[in-house]
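The block underneath contains the structure these notes are about, expressed in structure tokens.
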Amino acid sequence: MNRFWLETYGCQMNKAESNALEDTMLESGWIPAEQPQDADLVILNTCSVRLTAENRIWGRIGYFKTLKALRPHTLVVMGCMAQRLADDLKKAAPAVDMVVGTFQKAAFARMLSRAASRKQSLTQERQQDEEYSFSSRHARKTDYRAFVPIMHGCNNFCSYCIVPYVRGREVSRDPRSIFAEIDGLLRQGRVREITLLGQNVNSYRFSSGPDETPLDFPGLLDEIVSRFPVFSAGQTAVSGGSPSDVPWLRFLTSHPKDFSGALIERMAAYPCMCRQIHLPVQHGSDTILRSMNRQYTRSDYLSLVERIRKKLPDVLLSTDILIGFPGETDEDFCRTLDLMRQVGFDDAFTYYYNPREGTAAWSMQDTVPEKLKHERLTAVIDLQRATSAAKKKQRLGKKVRVLAGEISRKNSSEILGRTEGDEMVVFPGAASLIGNFYTVRLAELRGNTFYGHEVAE
Ligand code: SF4
């Protein structure tokens with residue numbers, strides 16, 4: 001019993017936690033199976049943010065139930081869906097051997113290590129709930145882009161969102177643990193981009209004692225930049241190279257109500273900070289923002305965008321738009337389109353509302369007919385597509401810094417990379433370029449992807 005198969009669904013936080021679990025398992029002697037059929041242990045790390053995400057997992061459970069008859073294995077369901085459904089999941093799917101919720105992950109990882117080192121089979125008793133604990137490493141050794149969780153949970157309780165119920169209250173990670181992880185990543189010499197991760201990173205606040213002044217998010221950035229000169233001096237631990245080697249520092253996700261002037265100052269002051277912000281607005285009508293419990297108004301959001309653009313004129317802004325919320329009128333919807341036109345987002349993730357059991361909105365009447373939700377979503381997508389294309393066209397001819405990511409699927413003599421605005425750029429190059437920065441002139445736009453060629457710094 002030492003081969004495992006791990007499937008991860010959902011957000012970057014889930015991916016970071018799966019990497020950490022995999023790291024622990026490999027260290028204690030577990031071996032990744034080549035294919036599900038070879039696994040002694042199957043772990044599904046699940047998402048619960050939308051019903052569709054859970055339906056996908058029910059499908060996978062069905063698949064593994066069939067496989068179990070051919071090749072017995074232990075089937076474990078962990079993550080947000082496991083946290084939400086707990087024992088009901090096992091009752092609904094007896095093929096599932098263990099259900100590991102958000103607050104049992106650490107105990108589960110320890111149990112797996114013990115089982116491997118003592119060559120014991122897995123005990124299937126329920127793991128004890130514990131306070132959420134951060135792992136020490138969340139990136140694979142081969143990664144050149146790393147996600148470093150700094151926060152867990154959320155206290156905002158937006159009325160449509162299940163996250164606060166499945167991930168619990170906000171916990172800020174001890175900065176010493178964050179610094180140790182970043183130090184390890186930079187010493188590896190491969191990492192070129194670090195994303196500080198949390199459901200709402202702006203509300204990061206850590207103090208190790210009642211008399212200590214809490215460290216907030218801008219303060220954490222100051223500490224990171226001052227402790228790791230590579231982020232400011234342009235020198236890398238590996239090559240002592242030019243400014244083009246300064247690693248990128250990003251953060252994800254922000255809540256507009258907590259996006260401070262101090263953070264904007266830090267983004268303007270530190271060259272390592274990517275000029276890109278994901279700032280979910282969700283809607284353009286104050287009535288709907290209130291019933292979503294977003295805790296800011298339309299004009300709050302617009303003035304925040306103005307303040308950001310004043311200090312960071314070349315910043316790329318993306319957002320989330322959720323339409324079809326209970327009570328949304330034509331006028332409310334038009335306010336959303338109007339806000340999108342006013343801001344001119346570079347990109348947007350767009351959804352229509354689906355009632356979610358366990359959220360505050362679940363008790364609200366779902367007043368917008370499905371057909372109308374689809375029509376409104378189409379209008380939002382069309383508007384954003386036109387805005388993104390127009391903004392991208394304005395960037396043609398510009399020289400941009402690109403982090404080379406992978407061989408282009410369309411042409412093996414080309415590389416697909418990303419700008420600091422997370423835009424896709426394809427340029428001629430070989431696999432040896434992957435994981436490093438290049439300066440590329442944007443020559444052409446095909447759909448959402450820029451095509452260009454490398455130029456001198
Ligand atoms: S801020 Fe709102 S939408 Fe985001 S995770 Fe928290 S409750 Fe959910």
- Item | Rg/Rh (Cα only; Kirkwood hydrodynamic radius) as it applies to segment 134-274 | 0.98
- Query: Which distance in nm do the two modelled labels at residue 211 and residue 396 give, with both placed 7 Å along the Cα-to-Cβ direction?
  - Reply: 6.5 nm
- Item | Nitroxide proxy distance, nm - points 7 Å out along Cα→Cβ at residue 455 and residue 174 | 4.9 nm
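Within a Cβ distance under 15 Å of residue 446, other residues only, what is the Lys/Arg minus Asp/Glu net charge?
+3
Can you give the FRET efficiency for residue 232 and residue 26, using 1/(1 + (r/R0)^6), R0 = 35 Å, r = Cβ-Cβ distance, to the nearest 0.05? Could you put the intermediate results ahead of the total?
Values: r = 34 Å, r/R0 = 0.98.
With R0 = 35 Å, the Cβ-Cβ based efficiency is 0.55.
Given a Förster radius of 41 Å and the C-beta distance between residue 434 and residue 357 as r, what FRET efficiency does 1/(1 + (r/R0)^6) yield to the nearest 0.05? Show your work: numbers first, answer last.
Details: r = 43 Å, r/R0 = 1.06.
The formula returns an efficiency of 0.40 here.
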- Message: From the alpha carbon gyration tensor of segment 17-62, can you work out the equivalent ellipsoid semi-axes (sqrt of 5 times each eigenvalue) and give them in Å, largest to smallest?
- Response: 24, 15, 6
- Message: For a quick check of understanding: with a 1.4 angstrom probe and all protein chains in place, what accessible area in square angstrom does residue 362 have, to the nearest ten?
- Response: 130 Å²
- Partnerless cysteines, meaning none of the other Cys C-beta atoms lie under 4.7 Å away, in the chain: 11, 47, 80, 154, 272, 274, 334
- Label model pair residue 130, residue 370: point-to-point distance (7 angstrom along the Cα→beta-carbon line) in nm is 4.4 nm
- Set of segment 419-433 residues, backbone N closer than 19 Å to the point 7 Å along the Cα-Cβ line of residue 413: 426-433
- Note on the structure: Here the alpha-carbon Rg of the chain over 2.2 N^0.38 Å rounds to 1.02
- Task: At q = 0.09, 0.11, 0.13 Å⁻¹, work out log10 I(q)/I(0) for segment 276-394 with the Debye formula, treating every Cα as an identical point scatterer and leaving solvent out; two decimals please.
- Result: -0.24, -0.36, -0.50
- Query: What accessible area, in Å² to the nearest ten, does a 1.4 Å probe give for residue 297?
  - Reply: 50 Å²
- Message: I need the semi-axes of the equivalent ellipsoid of segment 70-212: take the C-alpha gyration tensor, multiply each eigenvalue by 5, square-root it, list largest first in whole angstrom.
- Response: 29, 22, 15
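Full extension from residue 155 to residue 63: what is 0.36 nm times the residue separation minus their Cα-Cα distance, to one decimal in nm? Before the final figure, lay out the partial values.
Values: separation 92, 0.36 × 92 = 33.12 nm, distance 3.60 nm.
Full extension from residue 155 to residue 63 adds 29.5 nm.
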- Query: If you average the sequence gap of Cα pairs under 8 Å that are 6 or more apart and divide by the length of segment 276-394, what percent do you get for the contact order?
  - Reply: 29 percent
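With N residues in segment 3-117, what two-decimal value do you get for its Cα radius of gyration over 2.2 N^0.38 Å? Intermediate values should be presented prior to the final figure.
Working: Rg = 13.1 Å, N = 115, 2.2 N^0.38 = 13.4 Å.
Compared with the compact-globule rule of thumb, segment 3-117 sits at 0.98.
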- Query: Counting only protein heavy atoms, what percent of the accessible surface of segment 134-274 is carbon or sulfur at a 1.4 Å probe?
  - Reply: 51 percent
- Message: How high is the relative contact order of the chain? Use alpha-carbon pairs under 8 Å, at least six apart in sequence, and give a whole percent.
- Response: 10 percent
- Correct semi-axes for segment 399-454, from √(5λ) of the alpha-carbon gyration tensor and rounded to whole Å with the largest first, are 14, 13, 10
- Query: Ranked highest first by average number of other Cβ atoms within 10 Å, how do 301-307, 207-213 line up?
  - Reply: 301-307, 207-213
- Note on the structure: Computed, not fitted: 222 nm per-residue ellipticity of the chain from DSSP H runs ≥ 4 (each -39500 (n - 2.57)), nearest 500, equal to -11000 deg cm²/dmol
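Would you mind telling me the share, in percent, of accessible area of segment 384-427 contributed by carbon and sulfur at probe 1.4 angstrom? List each step's numbers first, then the result.
Numbers: 1080 of 2250 Å².
So the carbon and sulfur contribution to the accessible surface is 48 percent.
The values are calculated or read from the model by the stated rules, or taken from the named source; none is laboratory data. Just so it is clear, the model here is predicted, and its values are computed rather than measured. Note that each Cβ is placed from the backbone with ideal geometry, even for glycine, and that neighbours are counted across all protein chains shown. What goes into the accessible areas is simple: the full protein's heavy atoms, side chains included, and nothing from ligands, DNA or RNA. Shrake-Rupley method; radii C 1.70, N 1.55, O 1.52, S 1.80 Å.
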